[in-house]
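Below is one structure, written out as structure tokens, with a few remarks after it.
The values are calculated or read from the model by the stated rules, or taken from the named source; none is laboratory data. Note that the structure is a prediction, hence the values are computed from the model and not measured. Because the Cβ atoms are built from the backbone with ideal geometry, glycine has one as well, and the counts that use them run over all protein chains shown.
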Amino acid sequence: MKTAIDVAREIEQAARHFPWIVRIHLIDLTQYAVKYRLELARRETYIQIYVNVRNQTHGYALVRRGKRIYGRDCEEGEWHRHPWDAPDQHEGSLEGRRAVSIARFLQEVEDYLDL
């Protein structure tokens, strides 16, 4: 099982591959959980990443002006997507239920925002 420190390293390593991420900010690190804010070059836009290794909760969100505009979450082992066109909804399609790595989520953001 990965530790929270392992996940923190994974987040930082993945974020360094994307030049449009201008700041990597560790918000919280506990024995079981980690939370990061990855600031983008675009104003008022950031990515928030939360992972709890104990209960396998994952929360990846692209936030603009304080509102999620895209996201992927895993709760109780079930993944879902908050789609670009309806970020307050849970998309249960096959693609929406697919597990994604942190690096893959960052790539999805890059592809969509054309960064």
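When the stretch 46-94 is filtered for residues that are aromatic (F, W, Y), more than 11 Å from F105 (Cβ to Cβ) and in contact with a helix residue (DSSP H, G or I) (Cβ under 8 Å, 6 or more places away or on another chain), only W84 remains.
Among the residues making up the stretch 63-115, those that are polar (S, T, N, Q) and farther than 17 Å from H17 by Cα are Q89, S93. Can you tell me which residue within the stretch 76-97, out of those that are within 15 Å of the chain's Cα centre (by Cα) and under 17 Å from V51 (Cβ atoms), is surrounded by the fewest Cβ atoms within 10 Å (Cβ to Cβ)? Taking the candidates together, the pick is W79.
For the stretch 86-105, the condition holds for at least one residue, the condition being that it is closer than 19 Å to T3 by Cα, without any contact (Cβ under 8 Å) to a residue 40 or more places away in the chain and not β-branched (V, I, T). Note on the stretch 1-24: residues that are outside any loop (DSSP other than H, G, I, E, B) and either touching a residue at least 40 places away in the same chain (Cβ under 8 Å) or more than 13 Å from the chain's Cα centre (by Cα) (or both) total 14. Exactly one residue out of Y46, Y36 is modelled with pLDDT of 95 or more and more than 20 Å from L115 (Cα to Cα): that is Y36.
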